[in-house]
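The block underneath contains the structure these notes are about, expressed in structure tokens.
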Amino acid sequence: MRWFWIDRFEEFVRGRSAVAVKNVSLAEEHLHDHFPGAALMPNSLVVEGMAQTAGLLVADAIEYNRRVVLAKVAAAEFHFDAVPGDCLRYRAEILDLKPAGSLTRVSSHIGDRIQGEAELFFAHLEPGEGVPRLFEPDELLRWLDQMHIYDIGRDQAGQPLARPDW
Amino acid sequence: MPPRDEIFEKVRNALVDALGVDEDDVKPDATMVGDLGAESIDFLDIVFRLEKAFGIKIPRGELFPEDVLSSSEFVNNGKVNAAGIAALKSRMPFADLAKFEANPSVQNFANTLTVEDMVRYVQSKLAA
């Protein structure tokens with residue numbers, strides 16, 4: 001089992017921005033105890049969903065050549081709780097991207113309300129910099145397919161993204 | 001070049017955003033690691049923010065010369081040797097290394113860089 005905290009992408013513009021959806025359901029076991037009778041999604045998991053949205057956006061931009069690791073959560077702020085039945089939309093944009101790291105801004109929306117906001121900083125590590133291989137290529141590609149990246153993804157000129165031949 | 005106070009203010013904003021510290025804590029003599037709690041990943045974040053704030057390019061290792069501090073050529077038994085001190089001085093003309101030189105243990109280096117060093121570094125980049 002992998003740690004999936006987004007359900008699919010709705011928008012994906014290579015190197016620029018993305019929107020991913022997370023449906024919160026009472027079928028998720030962790031909500032049964034958090035809290036009994038008053039289930040709410042922990043904001044730490046909202047941050048994880050934000051990081052998966054922005055992290056894939058960054059990893060795609062650098063062609064998955066380095067290991068993109070969430071290094072810092074800066075300036076995170078949450079305005080209200082997400083509860084079962086809510087549909088979260090994570091909007092991510094790349095503020096700055098360099099070989100060694102990237103700075104992104106992500107906001108979480110429920111309907112037309114902003115549920116939370118954060119700046120997420122990713123380190124891009126070379127193999128051998130202390131982080132094991134995060135994904136097997138075929139497993140990563142299955143995840144990207146599941147996320148619909150190559151169905152809805154576009155480059156900045158509006159052209160569809162080519163599915164890599166790994 | 002903008003006046004020193006203006007540079008200090010932008011450096012302070014970058015450090016407040018990157019380190020989550022209070023504006024009042026960012027004093028010129030505050031050390032980056034000891035007083036402000038910067039960790040190694042924060043230096044990358046700070047580099048991003050300074051580059052954006054001032055429109056400068058900061059090559060990797062210029063602001064925080066981790067390659068010198070981890071080199072067996074420049075470090076013996078946890079202490080930076082004379083060649084290492086010379087390398088640091090040449091790489092970091094903006095930093096006041098006098099205190100570090102008196103006890104050049106690698107661990108001490110973390111408490112060497114100050115906010116004022118950051119300001120001087122930016123000044124040197126803007127003057128270049």
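A few notes on this one:
- One residue alone among A:28, A:10, A:48 is closer than 16 Å to residue A:146 by Cβ and touching a strand residue (DSSP E or B) at 6+ places or on another chain (Cβ under 9 Å), and that residue is A:10.
- Residue match in segment B:66-76 (condition: closer than 25 Å to residue A:101 by Cα, in contact with a Leu (Cβ under 9 Å, 6 or more places away or on another chain) and either assigned by TED's automatic domain parsing to the domain that holds residue B:30 or not basic (Lys, Arg) (or both)): yes
- Within segment A:33-89, being among the aliphatic types (A, V, I, L, M) and free of Cβ contacts under 8 Å to residues at least 24 places away in the same chain holds for A:38, A:59.
- Residues of segment B:34-63 satisfying the condition of being more than 12 Å from chain A (Cβ to nearest Cβ), part of a loop (DSSP other than H, G, I, E, B) and surrounded by fewer than 19 Cβ atoms within 10 Å (Cβ to Cβ): B:34, B:35, B:37, B:55, B:56, B:62
- Against the test of being away from every other protein chain (no Cβ under 14 Å) and modelled with pLDDT of 95 or more, the options A:93, A:63, A:117, A:139 yield a single qualifying residue, A:93.
- Scan segment A:72-90 for residues that are buried (at least 16 other Cβ atoms within 10 Å of the Cβ) and modelled with pLDDT of 95 or more and the total you get is 6.
- Residues of segment A:96-108 satisfying the condition of being facing chain B (nearest Cβ under 10 Å) and either among the charged types (D, E, K, R) or surrounded by fewer than 22 Cβ atoms within 10 Å (Cβ to Cβ) (or both): A:96, A:97, A:98, A:99, A:100
- Complete set of residues in segment B:3-21 that are outside any helix (DSSP H, G or I) and away from chain A (no Cβ under 14 Å): B:3
- Complete set of residues in segment A:109-166 that are in a loop (DSSP other than H, G, I, E, B), among the aromatic types (Phe, Trp, Tyr) and surrounded by 12 or more Cβ atoms within 10 Å (Cβ to Cβ): A:135
The values are calculated or read from the model by the stated rules, or taken from the named source; none is laboratory data. Remember, it's a predicted structure, so these values are computed and weren't measured experimentally. Note that we place each Cβ from the backbone using ideal geometry, even for glycine, and neighbour counts take in every protein chain shown.
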